[in-house]
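Take a look at the structure below.
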Amino acid sequence: MSDVTLRPRGEYGYDGDYRVLPAPVVAGIFTLVCLAVSAFAVIEAVRGSTVAGVVLGCVAAYLVAAGLCFVCFTRTGKFAVWADVLAGLDLRGDERVLDIGCGRGAVLLAVAKLLPRGRAVGVDLWRADQTGNHPEATWRNAELEGVRDRIGLDTGDMTRLPYADGTFDLIVSSLAIHNVPGMPGRLTAVEEAARVLTPGGRLAIADIGFTRRYAARLHDLGLQDVHRHSLGPRYWWAPWLPTHLVTARKP
């Protein structure tokens with residue numbers, strides 16, 4: 001793993017769904033809830049309600065731990081984990097790679113650094129699934145990471161990818177497919193990923209839910225070496241809310 005990969009130069013914001021409430025409002029509400037629960041825990045303990053105080057104290061501790069997990073994951077953990085994942089793929093450096101739901105480029109640009117003779121393309125709908133999610137933010141990050149000439153960005157729906165069959169040697173996706181409404185739509189996105197993969201190409205999908213179904217669908221589609229495993233505490237959104245990686249190879 002290179003120091004450059006582990007210490008990204010760009011600004012990648014915070015993951016999350018901010019379509020209803022902007023990130024500062026979400027952060028403010030979460031902080032107020034933590035403070036309120038903590039205050040009630042102290043009040044109940046002072047009043048002599050030991051059980052209520054302990055329960056509220058545990059809830060407050062969990063909320064604080066969840067907030068810390070989220071910040072660590074979105075600011076540092078995902079970069080370190082994907083550095084490990086990409087290193088394990090042992091890329092030649094001339095591959096054509098697609099990042100489905102690329103956002104501001106955390107994974108897209110990390111893989112682009114490993115492609116001195118290749119190209120990485122990111123596709124997204126550019127919704128508020130991250131703070132400041134917009135193509136211009138991704139292009140700025142690509143400039144800062146020194147890989148602007150190795151990437152391309154497209155606007156597209158992952159359930160109807162705008163690419164021909166067998167276009168890419170590697171498909172990656174990080175915490176994106178679960179955003180598709182309904183399981184049929186999510187499985188369609190998995191099918192699309194398999195469709196645009198070259199024979200012999202590989203796929204690596206990380207998500208916080210539904211990964212058993214992704215793996216089963218890839219197996220049904222005839223992909224080989226289908227595996228699923230947890231990415232560990234560095235990729236927890238909250239305590240005991242793990243992210244799993246599904247990998248597969250197209251025959």
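The values are calculated or read from the model by the stated rules, or taken from the named source; none is laboratory data. None of these values were measured; they are calculated from a predicted model. For neighbour counting, all protein chains shown are included, and Cβ atoms are generated from backbone atoms with ideal geometry for every residue, glycine included.
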Inset, instruction - Restricting attention to the range 9-28, report how many residues are crowded, with 16+ Cβ neighbours inside 10 Å and β-branched (Val, Ile, Thr). - result: 1
Legend entry - All helices (runs of 4 or more DSSP H) inside the range 1-75 with 2 or more residues being closer than 22 Å to PRO239 by Cβ and touching a strand residue (DSSP E or B) at 6+ places or on another chain (Cβ under 8 Å): 50-72
Legend entry - Conditions (1) modelled with pLDDT of 95 or more; (2) in contact with a Cys (Cβ under 9 Å, 6 or more places away or on another chain): number failed by ARG234: (1)
Legend entry - Candidate set from the range 1-56 (those that are more than 27 Å from ARG148 (Cβ to Cβ) and among the acidic types (Asp, Glu)); member that is modelled with the highest pLDDT: GLU44
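Here is a yes/no grid of residues against (1) free of Cβ contacts under 8 Å to residues at least 60 places away in the same chain; (2) in contact with a helix residue (DSSP H, G or I) (Cβ under 9 Å, 6 or more places away or on another chain):
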{"residue": "ASP15", "(1), (2)": "no, yes"}
{"residue": "TYR18", "(1), (2)": "no, yes"}
{"residue": "ALA23", "(1), (2)": "no, no"}
{"residue": "VAL46", "(1), (2)": "yes, yes"}
{"residue": "SER49", "(1), (2)": "yes, yes"}
{"residue": "CYS58", "(1), (2)": "yes, yes"}
Inset, instruction - Residue by residue through the range 196-244, note down the ones that are in a strand (DSSP E or B), of a type in the set (A, V, I, L, M, F, W, C) and buried (at least 18 other Cβ atoms within 10 Å of the Cβ). - result: LEU197, LEU203, ALA204, ILE205, ALA206, VAL226
Legend entry - Residue among VAL81, VAL107, VAL111 that is in contact with a strand residue (DSSP E or B) (Cβ under 7 Å, 6 or more places away or on another chain), farther than 13 Å from GLY10 by Cβ and either touching a residue at least 12 places away in the same chain (Cβ under 8 Å) or not charged (D, E, K, R) (or both): VAL111
Inset, instruction - Please verify whether the range 70-83 includes one or more residues that are in the same structural domain as ILE151 (by TED's automatic domain parsing), closer than 18 Å to LEU197 by Cα and touching a helix residue (DSSP H, G or I) at 6+ places or on another chain (Cβ under 9 Å). - result: no
